[in-house]
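Take a look at the structure below.
The values are calculated or read from the model by the stated rules, or taken from the named source; none is laboratory data. All of these numbers come straight from a predicted model, not from anything done at the bench. A quick note on method: Cβ atoms are made from the backbone with ideal geometry, for glycine too, and the neighbour counts reach across all protein chains shown. These area figures cover heavy atoms from the full protein model, side chains too; ligands, DNA and RNA do not enter into them. Shrake-Rupley method; radii C 1.70, N 1.55, O 1.52, S 1.80 Å.
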Amino acid sequence: MEDRAKRVFGDHLDQAVVFAQLLTDHGVERGLIGPREVERLWERHLLNSAVIAELLPQNCRVVDVGSGAGLPGIPLAIARPDLKLTLLEPMARRVAWLDEVVETLDLSVTVIRGRAEEASVREQLFDIDVVTARAVAPLERLARWCMPLLKPGGQLVALKGESALEEMERDAEAVRRAGGSRQRVVSCGADVLEVPTTVVLVERSELSGRRDGARRRRKDR
């Protein structure tokens, strides 16, 4: 496992080790992970999250919606310190946890308490390059919540399981109505994980971006 983790986290592996230890020591008691997840933290959670870094452009703005225990946001921040990353989480106790982790690991990461669908959040977070979400909601709801945060051409990166293709096909029309286009399923980390991470990628359409931009300009006048 160490060799694979080194390939993903590189010179920042020590930070990933500390994060894994924090989850081991406090994750179950604070309701962040289930008891059975401790034994498979690296394969199922840290590496599963971090490998999506291969999909993200350099120096891009990323919002991790419903960050919870910090997945995938914290592993991404460790593996890719170039990212301008914001962790968005509505629950106060989880926000407190994320603040502690960011401080302990000395990460350049912003933590915001709120929900993606809230007006106050959308006033702070807009024209984002990438929005990530892991085990947050069905794709149809994710699209409604997350598309308004993205810039035209930006991408929703939704970490899903084996049912990713079925979910994408089921929700395709709802996602399109929410402003999503070019939906596809991809696998990440095939050279690192026994079970690669399955991701649904949804691009925000240029047309929806122009409409939203027009509304924003009218509002500002």
I'd like to check something: does segment 77-85 contain any residue that is open to solvent by 10 Å² or more (accessible area, probe 1.4 Å), part of a loop (DSSP other than H, G, I, E, B) and out of contact with any helix residue (DSSP H, G or I) (no Cβ under 9 Å at 6 or more places or on another chain)? yes
Count, please, the residues in segment 118-135 that happen to be out of contact with any Cys (no Cβ under 9 Å at 6 or more places or on another chain) and either over 23 Å from residue 60 (Cα atoms) or open to solvent by 20 Å² or more (accessible area, probe 1.4 Å) (or both). 10
Could you tell me whether segment 126-142 includes any residue that is touching a residue at least 12 places away in the same chain (Cβ under 8 Å), among the charged types (D, E, K, R) and more than 24 Å from residue 200 (Cα to Cα)? no
Taking segment 197-209 only, how many residues are modelled with pLDDT under 95 and either part of a loop (DSSP other than H, G, I, E, B) or polar (S, T, N, Q) (or both)? 2
Residue count, segment 145-196, condition among the hydrophobic types (A, V, I, L, M, F, W, C), under 24 Å from residue 115 (Cβ atoms) and outside any helix (DSSP H, G or I), comes to 6
